[in-house]
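Below you'll find the structure, written out as structure tokens, and then a few comments.
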Amino acid sequence: MGGDWTFFTNHGYVLMALARQPDLRLRDIAEVVGITERAAQGIVNDLVTAGYLERSREGRRNRYRVHGETALRHLLSQSYRAADLLRVMVSETEVKPDEGPCRAVVVACGDYRYQRALQELLSWEGLLEHAELVLWPGGGARLGAPDADQVLDELDRIVAAHKPGRVLLVAHQGCIAPGVFASGQRDPVATSRALIRLRRRSTSKVEARLGIAPELWFLGERWGRRVALRTEPESSMGSPRATRLDKPRTA
């Protein structure tokens with residue numbers, strides 16, 4: 001047996017590299033691990049398929065999330081999880097605060113069921129590391145309720161400090177926060193038509209206070225699709241338009 005060997009496979013090294021720095025490009029992975037870019041791509045695909053990695057698109061680059069709960073594959077290590085290995089081998093992660101400008105402020109509900117969908121929405125919009133996030137029961141829909149002043153004060157502070165160009169008001173299906181329409185309907189478009197009745201009050205409040213016309217977004221419950229609620233002219237207020245963004249939730 002020659003002397004050129006290691007204790008781990010290249011799959012393990014690729015997983016470690018992405019645990020340290022989740023936004024590595026394929027050529028960077030190849031350089032760190034010491035393999036070809038084509039081999040790096042194949043290994044990343046294997047890790048995604050096996051459930052060790054989750055891949056999402058952020059602007060023009062991929063970003064990876066390690067699923068540490070996934071069991072290791074070898075018979076001798078099946079009682080351990082990926083997190084057990086990484087906890088020992090990865091002492092630090094190279095995830096640095098982005099130094100770019102704040103592009104948006106986002107008001108969303110803190111409902112735990114929709115946090116992953118919210119992160120995906122921000123990723124698709126290129127805002128994952130470029131937005132101030134305000135979690136408030138009811139999210140964007142709550143701004144149409146009478147007690148919206150506290151959220152507006154916070155938005156005012158953020159806009160004054162960071163000068164974002166966008167304000168996203170995010171609501172979700174089946175919300176039961178006070179002052180927000182709650183529906184048992186499963187069709188996100190149908191539910192959005194009910195929630196959109198609050199848009200006149202919420203959009204006018206935000207625009208008057210911040211000087212920015214807000215974007216209304218809606219998260220469906222089952223399909224993992226995004227529905228952008230675009231405000232229609234006053235003459236057609238009775239027929240709101242809901243546009244589905246058919247971007248499936250990352251498996």
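A few remarks follow.
- Per-residue SASA entry for residue 55, accessible area with 1.4 Å probe, Å² rounded to 10: 80
- Probe 1.4 Å, all protein chains present, accessible-area order of 89, 16, largest first: 89, 16
- If R0 is taken as 22 Å, the Cβ-Cβ distance between residue 80 and residue 54 corresponds to a FRET efficiency of 0.65.
- The relative contact order of the range 21-83, computed from alpha carbon pairs under 8 Å that lie at least 6 residues apart in sequence, is 25 percent.
- Projecting label points 7 angstrom from Cα along Cα→Cβ for residue 37 and residue 115 puts them 3.7 nm apart.
- Share of carbon and sulfur in the accessible heavy-atom surface of the range 98-177 [1.4 Å probe, %]: 52
- When the residues 7, 218 are ordered by accessible surface, computed with a 1.4 Å probe over the protein chains alone, the sequence from largest down reads 7, 218.
- Overall, the accessible surface of the range 23-97 at a probe of 1.4 angstrom is composed of carbon and sulfur to the extent of 48 percent.
The values are calculated or read from the model by the stated rules, or taken from the named source; none is laboratory data. As the structure is a computational prediction, the values presented were derived from the model and not from experiment. Every residue, glycine as well, gets a Cβ built from its backbone with ideal geometry; the counts of neighbours run over all protein chains shown. Calculation scope for accessible area: heavy atoms of the full protein, side chains included, ligands and nucleic acids excluded. Shrake-Rupley method; radii C 1.70, N 1.55, O 1.52, S 1.80 Å.
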